[in-house]
Amino acid sequence: MRSKKVDLLNGPVTSSIVRLAMPIMAGSFLSLAYTLTDMFWVGRLGSQAVAAVGTGGLLMWVSDGILSIMRIGGQVHCGQAYGRGKIEEVRCFGRESLRLGFLAAFLLFLAYFLAADPIISIFNFNEIGTARDSIVYLRAISFGLFATYGSRILSALLTTVGNSKSPFLANGIGLIVNMVLDPLLIITFNLGVFGAGVATVIAQVVILLILLVVAKKDDIFHSLKLFSEPIAWSNVKDILRIGLPAGAQSLIRSIVTIVISRMVVRFGDLSVAVQRFGSQVESISWLTADGFGAAVSAFVAQNFGAGQGKRMKKGYFSASLIVFIICIFTTAILYFFAADITALFMNEPDAIAGGKSYLQILSASQILMGLEIITIAAFSALGQTRFTAVVSAIFISARIPLGAWLSGTSLGVDGIWWSLTISTNVVAVVFIIAFLRYMRRLERERVIDFS
């Protein structure tokens, strides 16, 4: 398994980051392809079904916030321990991350399955059918939480030690399974949104099984001993110390998004469908940046642990430049081809017009959003998750009053989309300035040598 790993501590900086990031980025697009495949087939059932599946996806985003506690906490500590050459420490942090992840998945499964009705009622849908389909879809995909948490944490751990190819291949196989099952279950067997949920769950189980086989053959994670080793409470505390602020940041983002969704409902369920669809398409940029962000997190964590400040700094700037260039292209695509992209997934003329407006407005935030993701990843790798959580919470929460005010003007629902773009651009600038100042502070206090 060593041949699959990218050496982040030695050799050319940019090529190392790109080699690690490309499979991650491709894997992120495979995740997007899962959702768009669902949207494509569910879209044949109408905007009501699209809104239902999108709402379930939004609630899974809430679960991602909880997942990030274990994923980021484990990833940062594993990366820094790997940079110090402490392999047993890497293994121990990986083990506790997975244990915490499976426990969280079980508790969230109980919440989503048993309390689906009151959870969906939060969105206050205008159509009873939309609420009913949302409940069905949420209960279906809740069964996949164990597999989702396990596969995402394993992917993060493998990536941290330089192996991003195996998670990509596993996700590729999962996508194929999903693409085969979606039309079969949704259309052929007429299971509707329930079929979309079942297809997603099966695909996630397949991914987890593949990654478990990969981990079993890995030179570091081959003996995690999840059920035999005693709990290392000190490691659990370290994971939570780093992970909880990151998880809180993601959860706050999810909660704000839910509140904004309630604001969107005032403009009709069609606007809800536009938001759900548009956010998936717009994720082209942030999934790209997220791939490089994961690579930067591993790169910075390892080199910080190894005391290689100059290499760490160069890695951040190299990744930022690449993401900047990529996001210029995605901005152009979202702006100039907004209507054409929307028409691929939605049939109603009003939905196409709404989707076009959403994508064009959000295109104005793609470049700075990409740079924000890279910067937060670097901050997190240095253990500064509390700072990023506080700053993100402030600016993300500002979307609510800003969206309420702008949507009350002649902009209507477009005012809500503008609140997303404005807040994203402002917080990105704040993070970039703060990170540059933090790097100078590390150099001034001689925490790490940048020469």
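Bear in mind that the values in this text are calculations on the coordinates, not laboratory data. Computed from a predicted structure; not experimentally measured. Cβ coordinates were reconstructed from backbone atoms using ideal geometry, including for glycine residues, and neighbour counts include every protein chain displayed.
Tell me, what is the FRET efficiency for Trp233 and Lys86 to the nearest 0.05, using R0 = 25 angstrom and their Cβ-Cβ distance as r?
That pair, Trp233 with Lys86, gives E of 0.85.
Determine the relative contact order of the chain: mean sequence separation of Cα pairs under 8 Å and six or more apart, normalised by residue count, in whole percent.
Computed value for the chain: 24 percent relative contact order.
Could you compute Rg(Cα) / (2.2 N^0.38 Å) for region 12-444, with N its residue count?
Taking N as the residue count of region 12-444, the ratio is 0.94.
For Gln308, enumerate residues with amide H under 5 Å from its amide H, sequence gap 5+ or separate chain, H modeled in the peptide plane.
The answer is none.
Between beta-carbons, use under 14 Å as the cut-off and find the net charge around Thr188, counting Lys and Arg +1, Asp and Glu -1.
Residues near Thr188 contribute 0 overall.
Lys and Arg at +1, Asp and Glu at -1: add these up for the other residues within a Cβ distance under 15 Å of Asn425 and post the number.
-1
Give me the angle, in degrees from 0 to 90, between the Cα long axis of helix 366-381 and the longest principal axis of the Cα atoms of the chain, rounded to the nearest 10.
Its long axis makes an angle of about 40 degrees.
Hull surface divided by four, with the convex hull built on the Cα atoms of region 1-111: how many nm²?
9.3
Only counting other Cβ atoms within 10 Å, I'd like Trp417, Trp286 sorted with the fewest neighbours first.
With the sparsest Cβ surroundings first, the list reads Trp286, Trp417.
Can you sort Phe113, Phe277 so the residue with the fewest Cβ neighbours within 10 Å comes first?
Phe113, Phe277
Given the C-alpha centroids of region 1-55 and region 387-432, what is the distance between them in whole angstrom?
Rounded to whole Å, the Cα centres lie 26 Å apart.
So how far, in whole Å, is the C-alpha centre of region 154-200 from the one of region 259-299?
Cα centres, region 154-200 to region 259-299: 19 Å.
For helix 87-114, what angle does its Cα long axis make with the longest principal axis of the chain, in degrees from 0 to 90 and rounded to 10?
For helix 87-114, the angle is close to 20 degrees.
Using the number of other C-beta atoms within 10 angstrom as an exposure proxy, rank Cys327, Cys92 with the fewest first.
In increasing order of surrounding Cβ atoms, one gets Cys92, Cys327.
Taking the Cβ of Pro245 as the centre, find all other residues whose Cβ is under 15 Å away and add up their charges (Lys, Arg: +1; Asp, Glu: -1).
+4
Work out which trypsin sites (Lys or Arg not before Pro) in the chain are exposed loop sites (DSSP not H, G, I, E or B, at most 16 other Cβ within 10 Å) and give the longest gap free of them.
It runs 267-445.
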